Amino acid sequence: MIVYKEYDQSSLDAEYNNQAKVSNFMSYVKEWNALCDTTLHEYQDHVTYCYDEGSGQKLDLIYPSDRPNNPCPVQIFFHGGYWKALSKDNFTFVARAFAEHGIATAIVDYGLIPMVTMQELVTQCRRSVAFLYAHSEALGLDADQIHVSGHSAGGHLAAMCLATDWTDLDASLPAQIIKSAVGVSGLYNLLPIKLCFLQADLKLDMETVAQMSPVNRNEPKSGLMHLVVGSKEGDEYLAQSNAMHDAWPEKSTMPQILSPYNHFSIMSSLADPSSELARLIRHSMNLD
């Protein structure tokens, strides 16, 4: 029986089951953890902040290796894990893509489903951006150079942040804070997520699917969403980015396919500041 597009249940589940598609996926997670330890030794100018007192959620702020006297731009990173797994501590290595280029990196934790709802999870991520903007002077950050990126579910969160009218969160904020966003293998339409095996854990209702899908949000008035997909990720991941571009034709790029990456190796490439993905994200900031 067809459940979505041309997919029956088993084929739709297979499209989104990244662990089944990449048999040695745990080796990537082990690699990330080792890279995180190395990164903390390489870049010792880092601080952890609680950005949301209500939830107690925190972010790690890692400064450039040669920290300038002037405020530095910041790249805010949201991790993946299908909104239900992993944490900021698995992704410290992302800072390696930016630290040698005068860019600070903020790696954000957020509450995971089912401990929080999707709505609360998105709100927490928005609060992390607002925190960095509001405290930018004290933190040595350039409030006019705040950028976001995310992998997989983190790509969804980056898009939701770019689509935010920040005055709705806090009337003292400008309407737009974010200058650019990059979604790496992002998820922008939650309908197939609800219809596949992930629903057993996520328990999304149709109202959440409608409200929390970036493809259903109006185009942001400013900023640009850069869309990136690995060449070995499968048809649905490319379809997700194509749908995002169709929804925001003026405020997103055509999806760029990077080879020869799968869902996990594309993330690992950020550990190399000379990688195509690292250079692409820096270029999106108009700094490289």
* Asked: Has the stretch 269-281 got at least one residue that is under 19 Å from TYR16 (Cβ atoms) and hydrophobic (A, V, I, L, M, F, W, C)?
  -> no
* Are any residues in the stretch 179-191 closer than 22 Å to GLN256 by Cα and surrounded by fewer than 24 Cβ atoms within 10 Å (Cβ to Cβ), and if so, which ones? -> LYS179, SER180, ASN189
* Going by the structure shown, is SER269 in a helix (DSSP H, G or I), among the polar types (S, T, N, Q) and touching a Ser or Thr at 6+ places or on another chain (Cβ under 6 Å)? -> yes
* Asked: For ALA106, are the conditions met, namely being free of Cβ contacts under 8 Å to residues at least 24 places away in the same chain, aliphatic (A, V, I, L, M) and over 24 Å from GLU207 (Cβ atoms)?
  -> no
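Residues being part of a helix (DSSP H, G or I) and of a type in the set (A, V, I, L, M): count how many of those fall in the stretch 1-38.
7
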* CYS196 fails exactly one of the following numbered conditions: (1) over 25 Å from TYR7 (Cβ atoms); (2) of a type in the set (A, V, I, L, M, F, W, C); (3) buried (at least 21 other Cβ atoms within 10 Å of the Cβ). What is the number of that condition? -> (1)
* Asked: Of the residues ALA243, ALA200, which is touching a helix residue (DSSP H, G or I) at 6+ places or on another chain (Cβ under 9 Å) and closer than 24 Å to SER10 by Cα?
  -> ALA243
* Out of SER222, SER241, sole residue that is touching a residue at least 12 places away in the same chain (Cβ under 8 Å), part of a loop (DSSP other than H, G, I, E, B) and small (Gly, Ala, Ser) -> SER222
* Single condition GLY183 does not satisfy, out of (1) within 23 Å of LEU112 (Cα to Cα); (2) part of a loop (DSSP other than H, G, I, E, B); (3) in contact with a Gly (Cβ under 8 Å, 6 or more places away or on another chain); (4) not charged (D, E, K, R) -> (2)
* Which condition does SER275 not pass, out of (1) over 17 Å from GLY154 (Cα atoms); (2) without any contact (Cβ under 8 Å) to a residue 60 or more places away in the chain; (3) among the small types (Gly, Ala, Ser), if it passes all the others? -> (2)
* To do: Would you confirm whether any residue within the stretch 40-52 is β-branched (Val, Ile, Thr) and touching a residue at least 24 places away in the same chain (Cβ under 8 Å)?
  => no
* Asked: What are the residues in the stretch 200-219 that are touching a residue at least 40 places away in the same chain (Cβ under 8 Å), assigned to a loop (DSSP other than H, G, I, E, B) and of a type outside the set (D, E, K, R), if any?
  -> LEU204, ASN218
* Name, by its number, the condition in (1) under 26 Å from SER275 (Cβ atoms); (2) of a type outside the set (Gly, Ala, Ser); (3) modelled with pLDDT of 95 or more that does not hold for GLN9. => (1)
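The values are calculated or read from the model by the stated rules, or taken from the named source; none is laboratory data. Just so it is clear, the model here is predicted, and its values are computed rather than measured. So basically every Cβ, Gly included, is an ideal-geometry build from the backbone, and we count neighbours across all protein chains shown.
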